[in-house]
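The structure appears below as structure tokens.
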Amino acid sequence: MDGGFDWSFFVEVLTGGLLSGVMYSLVAIGFVLIYKTSGVLNFAQGSMVLFAALTFVSLLEKGMPFAVALALTLIAMILLGLAIERAVLRPLVNKAPITLFMATLGLAYVIEGSAQLIWGTQVHGLDLGIEDVPLEFSGVLVSTFDLFAAGVAAVMVIALTLFFRYTRVGLAFRAVADDQFAALAVGLRLPHIWATVWAAAGIVALVAGLLWGARLGVQFSLSLIVLKALPVLVLGGFDSIAGAIVGGLIIGATEKLGEVYIGDYFGGGIESWLAYAVALVFLLIKPSGLFGQKLVERV
Amino acid sequence: MTAVTIESRKPFSLPGWAATAAVLGVAYVGVPLLASNYVLEALLIPFLALSLAALGLNVLTGYAGMVSLGSAAFMAVGAYTAYNVALRLPGTPLPLVLAVAGFAAAAIGLLFGLPSLRLRGFYLAVSTLAAQFFVQWALTKFDWFSNGNSSGVIDTPPLSVFGIGFDGTIGRYLFALTVVTVITFLVHRLVISQTGRNFIAIRDNETAARVIGVPVLRTKLLAFGISSFIIGVAGVLWAFAYLRTVEPAGFNLDRSFQILFIIIIGGLASIRGAFFGAALIVVFPLVLSRLGSFLLGGLFDSGVLDMSQRIVLGALIIIFLIAEPDGLVALWDRFRRRVFPGT
């Protein structure tokens, strides 16, 4: 390097990284919803993303109009949420969190298998009608699609925040997240709330599935984005929506900057583990994540 | 971790001892005489390797209560270390190769076990994924590990101990069986020792364990080390005795999940659980494919088989966690008590 550091290139990589981080956050928000209210780390969130995207695309390819396909997929996701609550969560109530986590591993296998058994394993293209032309802001190129995704994420976060703050159901969610026994004592019905939350996570999965599907094509590897979302969650704390966003931004930016600036020293391809390394180093300093609640350890 | 009862039978009371001897007798004499090459190659050798890996994971997850999603990475470390030792130091006796592979896996296990000193539960499970991705990346990226082989699939050297070849099907079976028997015996001694009780104490209540003087940090790292050692040796069996090739793709995340599923289905914190679970995992795809083509005929192609395998496996996990958290071992014990009361 001859003295000059290419700042506009740096900003371009950074922006690209931040925007792809938003895509991770989209998936991570689904986890946070469920973790906040039922204390379950839902490994099946990725397979729900796959299920949603695959159902939507297949309905579209059967010749349904966009809106009808979207509505049907929405209904399917809500039904899936209800079914999961009834068949998996309710029988496992009061079990150790790690047991529930392993149950969601099984659930992930069931959902992935079913989605592909019903709709087949071929790769589908998905066109949301957003042209991916790069926009230029004073010399820095930014992808339109990424901006659109960031906009969707922003809308979703605002909607969820308003929902949690101003509606009765949202209030009930917060009560359950705060203290399950107290929530039960004042007459909130936990099974209903869990079913609603899982349905909501299904809707978040649908949004993430559409955006990721348009980006990568709808195929099995969509369910692997769960692995991209986990370091984001670890970084941001499992129970904070703000954490999911900030964590996503940090992971996205680090991944892209790392790949561009230090990837060569490792022979490239470090994206697969860099996020985990960052999350781990961070955890060793602050074990409950950036925004996570500090847990009181009980004996 | 769910509460798991410790087996209260005395370690070497007569029925237990006799049953073990009977199983070993059948495994060493009956099986080689009766089983066909197909059964040995496709069922028994992978069964032995997976059982050993599950046994290793059970030390960590079942006994010490730390969930790991990176088992396949430690298998890979074991397999590649064994390959490189055999390649670069020809003439190293096979038992030594196994030991070196185990220690290499244990070293990597200790490294990735360091977060366990501060993290628990999910956070720890997620951090073990780092091991999975990092090891797989390193093995594909640096071709020194595969001796510059561009395809990444490398053949393993012949197996021989002190001049006796173990390359036939029966030979490889007996080799794997012996390794598994020795390690199982050692694990059995371990879990009834003070160290084993320390593992369980930490799993059940870390603070209480600290209060009664269990060295928590050292014990956690020890669990990671021992567990990865065993999983590393299992990796050597998987590559050398079963596949006879070494490739990174065989040690992916799905393999890690498979090993975790084996101990959930077989029974956490139980030595027999690893074997019961591995048997089910190895046999059930075959049963499913027979059953599927019998019921559905031509509709049941390999794609459908693959997907229905995932569904059934996932459903089994959920069913076992709900209905029988202690796994197949608990089912078997109940069955035995009903059929042979008094044993």
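Considering the range A:74-91, and only residues there that are more than 29 Å from A:Leu126 (Cβ to Cβ) and surrounded by fewer than 19 Cβ atoms within 10 Å (Cβ to Cβ), the residue that is farthest from the other protein chains (Cβ to nearest Cβ) turns out to be A:Arg86. For the criterion of being surrounded by fewer than 12 Cβ atoms within 10 Å (Cβ to Cβ) and of a type in the set (Asp, Glu), A:Glu112 fails.
Can you say whether A:Leu147 is under 30 Å from A:Arg174 (Cβ atoms) and either in contact (Cβ under 8 Å) with a residue 60 or more places away in the chain or within 14 Å of another protein chain (Cβ to nearest Cβ) (or both), as far as the supplied structure shows? So A:Leu147 does not fit the description; no. Would you check if A:Ala103 is within 14 Å of another protein chain (Cβ to nearest Cβ), among the small types (Gly, Ala, Ser) and not in a loop (DSSP other than H, G, I, E, B)? Yes. Suppose the filter is of a type outside the set (Ser, Thr, Tyr), over 30 Å from A:Leu188 (Cβ atoms), modelled with pLDDT of 85 or more and buried (at least 20 other Cβ atoms within 10 Å of the Cβ); does A:Gly30 pass it? Against the criterion (of a type outside the set (Ser, Thr, Tyr), over 30 Å from A:Leu188 (Cβ atoms), modelled with pLDDT of 85 or more and buried (at least 20 other Cβ atoms within 10 Å of the Cβ)), A:Gly30 does not qualify. Of all the residues in the range B:242-270, those that are crowded, with 24+ Cβ neighbours inside 10 Å and more than 25 Å from A:Ala44 (Cα to Cα) number 3.
Residues that are β-branched (Val, Ile, Thr) and touching a helix residue (DSSP H, G or I) at 6+ places or on another chain (Cβ under 7 Å) were ranked within the range B:306-334; the one that is farthest from the other protein chains (Cβ to nearest Cβ) is B:Val329. Scanning the range A:215-225 for residues that are hydrophobic (A, V, I, L, M, F, W, C), part of a helix (DSSP H, G or I) and buried (at least 18 other Cβ atoms within 10 Å of the Cβ) yields a total of 2.
Exactly one residue out of A:Ala71, A:Ala44 is at pLDDT 90 or above and within 14 Å of another protein chain (Cβ to nearest Cβ): that is A:Ala44. Across the range B:117-138, the qualifying residues are those that are more than 8 Å from every other protein chain (Cβ to nearest Cβ), at pLDDT 80 or above and over 21 Å from the mean Cα position of the chain (by Cα), and the one among them that is surrounded by the fewest Cβ atoms within 10 Å (Cβ to Cβ) is B:Leu117. Quick check: anything in the range B:141-163 buried (at least 21 other Cβ atoms within 10 Å of the Cβ) and closer than 24 Å to B:Ser68 by Cα? No, the conditions are met nowhere in the range B:141-163.
A single member of B:Pro341, B:Pro248 is more than 11 Å from chain A (Cβ to nearest Cβ) and touching a Gly at 6+ places or on another chain (Cβ under 7 Å), and it is B:Pro248. The helices (runs of 4 or more DSSP H) located wholly in the range B:251-343 that include 3 or more residues which are over 16 Å from the mean Cα position of the chain (by Cα) occupy B:271-296, B:302-323, B:327-339. Checking B:Leu280, B:Leu286 one by one, the residue that is at pLDDT below 90 and of a type outside the set (D, E, K, R) is B:Leu286 and no other. For the range B:207-240, filtered to residues that are touching a helix residue (DSSP H, G or I) at 6+ places or on another chain (Cβ under 7 Å) and of a type in the set (S, T, N, Q), the residue that is farthest from B:Ala278 (Cα to Cα) is B:Thr219.
Among the residues of this structure, A:Trp212 does not count as one that is surrounded by 20 or more Cβ atoms within 10 Å (Cβ to Cβ), facing chain B (nearest Cβ under 10 Å) and assigned to a helix (DSSP H, G or I).
The set of residues in the range B:105-121 that are touching a Pro at 6+ places or on another chain (Cβ under 7 Å) and either more than 26 Å from A:Val232 (Cβ to Cβ) or part of a helix (DSSP H, G or I) (or both) contains only B:Gly121.
The set of residues from the range B:86-104 being assigned to a helix (DSSP H, G or I), free of Cβ contacts under 8 Å to residues at least 60 places away in the same chain and surrounded by fewer than 20 Cβ atoms within 10 Å (Cβ to Cβ) comprises B:Arg88, B:Leu96, B:Ala99.
Kindly indicate whether A:Ile130 is modelled with pLDDT under 90 and either within 14 Å of chain B (Cβ to nearest Cβ) or under 22 Å from the mean Cα position of the chain (by Cα) (or both). Yes, satisfied.
The values are calculated or read from the model by the stated rules, or taken from the named source; none is laboratory data. Quick caveat, the model's predicted, so the values are computed rather than measured. Methodologically, a virtual Cβ is constructed for each residue, glycine included, from the backbone with ideal geometry; neighbour enumeration extends over all protein chains shown.
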